[in-house]
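Visitor: Quick one: the structure is below, questions incoming.
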Amino acid sequence: MDYMILSVILLAVGIYGLLTKRHLVKVLISIEIIAVAASMNFVLLASSLNRALGETFMVLAFSTDTCVTAIVLALLVIAAKKYGTCDIRKLTEIERSADEEQAKS
Amino acid sequence: MIVELLAVGLVVSACLAIYLDEAVYSIASLACMFVLMAVLYALSDAVFVAVFQLAVSAGTLAVLFLAGEMLSENPEKEKSLKKIFSAVLLAVVLSLPSIFLSVAVTPANISSGFSFAEALWDLRVIDVILQGLIMMTVALGIAIVLYERGEGES
């Protein structure tokens, strides 16, 4: 059983989701999976080498992950309320058309 | 054997979290992944990290459930059971390299000599306090942004 390969697989799944999914909640879930993959590598290597310091860093990293999630969720709610959609492509189109209208006027 | 099953479960739940269309189901899969991860940490003698993982993920998942329920749009076409089953099968195949292959890691021969509590409170105490402050600032900032947004709408 190799945790490094498991972590790489999870990272790949997360990156696949980040690149292919258009819904913002799905993008957030993909970011969570990537963060979990990175932290898993760190924790399991630290525990296999019997280093408490690695585990300590991870406790700090978990709180950073939570902050990132909170910020992204707040932005997501604001974007969904303002534009009425959570689709990244639609949001980009809306922004682009707004920019074009601004440039015309 | 348990660790191998956990690894398969981790990859399957991660794949389902990405693959399923309904936001609530994918968040439930993510919850399953977090729990499996915590069990994996506990089995690898990182009990403190496992407890932190469970505590942090409980909060994250509660907020994600609320946001997912609020923002989810009905999927145009629901995925059939056959497609979901084939995604699970693909995930199981994906998880196999982690069970049968291995990357050689040469462990360093230096013993750390720190316990978890010593490492956290003697070496990283400034980090812990700073992170607490940053988290409080972020929470306050989000509350202000949402409050001003609500004020602007009314």
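Visitor: Residue pairs, Cβ under 9 Å, 6 or more apart or interchain, first in the range A:4-33 and within 7 Å of chain B (Cβ to nearest Cβ), second assigned to a helix (DSSP H, G or I) and among the charged types (D, E, K, R). List them.
Guide: What qualifies is A:17/A:26; A:32/A:65.
Visitor: Do we find a residue being under 14 Å from residue A:25 (Cβ atoms) and of a type outside the set (Lys, Arg) anywhere in the range B:47-60? Show your work before the answer.
Guide: Quick first cut of the range B:47-60, residues under 14 Å from residue A:25 (Cβ atoms) only: B:60.
In the following step, the residues that additionally are of a type outside the set (Lys, Arg) were identified as B:60.
Checking the range B:47-60: at least one residue is under 14 Å from residue A:25 (Cβ atoms) and of a type outside the set (Lys, Arg).
Visitor: Can you pull out every residue in the range B:12-69 that is free of Cβ contacts under 8 Å to residues at least 12 places away in the same chain and charged (D, E, K, R)?
Guide: B:45
Visitor: Kindly evaluate residue B:29 against the criterion of being over 30 Å from residue A:78 (Cα atoms) and surrounded by 15 or more Cβ atoms within 10 Å (Cβ to Cβ). Steps first, answer last, please.
Guide: Working: over 30 Å from residue A:78 (Cα atoms): no; surrounded by 15 or more Cβ atoms within 10 Å (Cβ to Cβ): yes.
Answer is no for this residue.
Visitor: Let me ask something else. Return the total of residues in the range A:6-15 being surrounded by fewer than 22 Cβ atoms within 10 Å (Cβ to Cβ) and within 12 Å of the chain's Cα centre (by Cα).
Guide: Qualifying residue count for the region: 2.
Visitor: Right, another one. Among the residues of the range B:48-62, write down those that are surrounded by 14 or more Cβ atoms within 10 Å (Cβ to Cβ) and either within 14 Å of the chain's Cα centre (by Cα) or under 18 Å from residue B:10 (Cα atoms) (or both).
Guide: Applying the first criterion (surrounded by 14 or more Cβ atoms within 10 Å (Cβ to Cβ)) to the range B:48-62 yields B:48-54, B:56-57, B:60-61.
Correct list: B:49, B:50, B:51, B:52, B:53, B:54, B:56, B:57, B:60, B:61.
Visitor: If we scan the range A:51-73, do we find a residue that is of a type in the set (Phe, Trp, Tyr) and within 7 Å of another protein chain (Cβ to nearest Cβ)? Full working, then the answer.
Guide: First, pick out the residues of the range A:51-73 that are of a type in the set (Phe, Trp, Tyr): A:57, A:62.
Remaining after also requiring within 7 Å of another protein chain (Cβ to nearest Cβ): A:62.
Yes: one or more hits.
Where a number appears in this text, it was derived from the coordinates with a stated rule and is not lab data. As the structure is a prediction and not an experimental result, all values here were calculated from the model. Using ideal geometry, Cβ is built from the backbone for each residue, glycine included, and neighbour counts are taken over all protein chains shown.
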